Every structure is written in structure tokens, then in C-alpha cells.
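Below: the structure, in C-alpha cells.
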Amino acid sequence: QVRLVESGGGLVQPGGSLTISCALSGGLFSQYTMGWYRQFPGKQRVLIATITTEGIRTYVLSLEDRFTISRDNVRQTTTLQMDSLKPEDTAVYYCNRGEPPLWSWGQGTQVTVSS
């Protein structure tokens with residue numbers, strides 16, 4: 001059974017940077033396109049970035065210039081580097097297979113951008 005554990009969230013000032021991580025266990029990570037999703041309060045989760053097994057990256061919502069998704073198949077982790085953060089990036093961030101999600105959701109990691 002696949003388990004996803006997100007980490008690295010926290011409070012950051014506007015304009016700051018943060019890198020969050022997701023570790024997958026119980027499955028063969030290298031076989032899957034991975035994705036990062038985010039969820040605003042009261043809203044549905046939305047896919048914001050994916051990375052294929054070949055390392056091809058895609059982004060939505062015009063985040064490409066500020067966010068970078070990466071993966072490490074040996075450690076079975078995916079990371080999301082977020083730069084030039086804005087208050088509107090405040091959300092809970094989750095990882096899963098790239099659209100559509102496949103596994104039960106982890107607990108997510110809260111990112112709060114505020115001065």
C-alpha cells in the first residue's frame with residue numbers, strides 16, 4: 001500500500017523561498033508521473049505541477065516562473081521549490097501521481113506566506 005508523506009512547509013515572508021518534499025513508500029516510485037497539488041481553504045485540490053518518469057516538467061496556473069518540481073527515484077521523493085512566494089500561495093500542498101491522482105492522500109504540508 002502506497003503511503004505519501006509531505007514535509008517542509010511553514011511560514012515564510014512574501015518574496016521568500018521554500019522547498020517542500022514528498023516521500024513515497026510501498027510502491028515503485030520510478031514508474032509514475034508525480035504531481036504536486038494545492039488546496040486553498042474551502043476549495044478542491046488543484047494540480048499545479050507534474051514531472052514524468054523521464055523528468056519532463058509541466059506547470060499550470062502560470063507558476064512555471066516561480067516553482068520547480070524535481071524527483072529523486074533512488075530516494076523515492078519529489079520536491080517542489082517555490083520562489084518569490086506570494087500571500088496567494090498560502091495553501092496546503094500535497095503530492096500524488098500526476099493527474100489523475102492514484103493513491104490515498106497524505107496529510108499535506110501547510111505553506112503560509114505572510115509578513
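Within the range 1-111, considering only strands (runs of 3 or more DSSP E) that don't extend past its boundaries, which have at least 1 residues that are touching a residue at least 12 places away in the same chain (Cβ under 8 Å), open to solvent by 50 Å² or more (accessible area, probe 1.4 Å) and in contact with a Cys (Cβ under 9 Å, 6 or more places away or on another chain)?
On the way: elements: 3-7, 10-12, 18-25, 34-39, 46-51, 57-59, 67-72, 77-82, 91-97.
Per the criteria, 3-7.
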Exercise for the section: Report yes if S84 is of a type in the set (G, A, S), at pLDDT below 95 and farther than 16 Å from C22 by Cα, otherwise no. Expected result: no
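Quick grid of which residues meet (1) among the aromatic types (F, W, Y); (2) under 17 Å from M34 (Cβ atoms):
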| site | (1), (2) |
| --- | --- |
| R71 | no, yes |
| T79 | no, yes |
| P87 | no, no |
| A91 | no, no |
| N96 | no, yes |
| W103 | yes, yes |
| G106 | no, yes |
| T109 | no, yes |
| T112 | no, no |
Practice task
From G9, G98, G55, G35, grab the single residue that is closer than 18 Å to V113 by Cα and not aliphatic (A, V, I, L, M).
Solution key: G9
Problem - All positions within the range 37-74 that are farther than 23 Å from S17 by Cβ and among the small types (G, A, S) - result: G42
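The values are calculated or read from the model by the stated rules, or taken from the named source; none is laboratory data. Note that this is a predicted model, so its numbers are computed, not measured. No Cβ is skipped: glycine too gets one built from the backbone with ideal geometry, and neighbour counts run over all protein chains shown. Areas reflect the complete protein model, heavy atoms only, side chains present, ligands, DNA and RNA absent. Shrake-Rupley method; radii C 1.70, N 1.55, O 1.52, S 1.80 Å.
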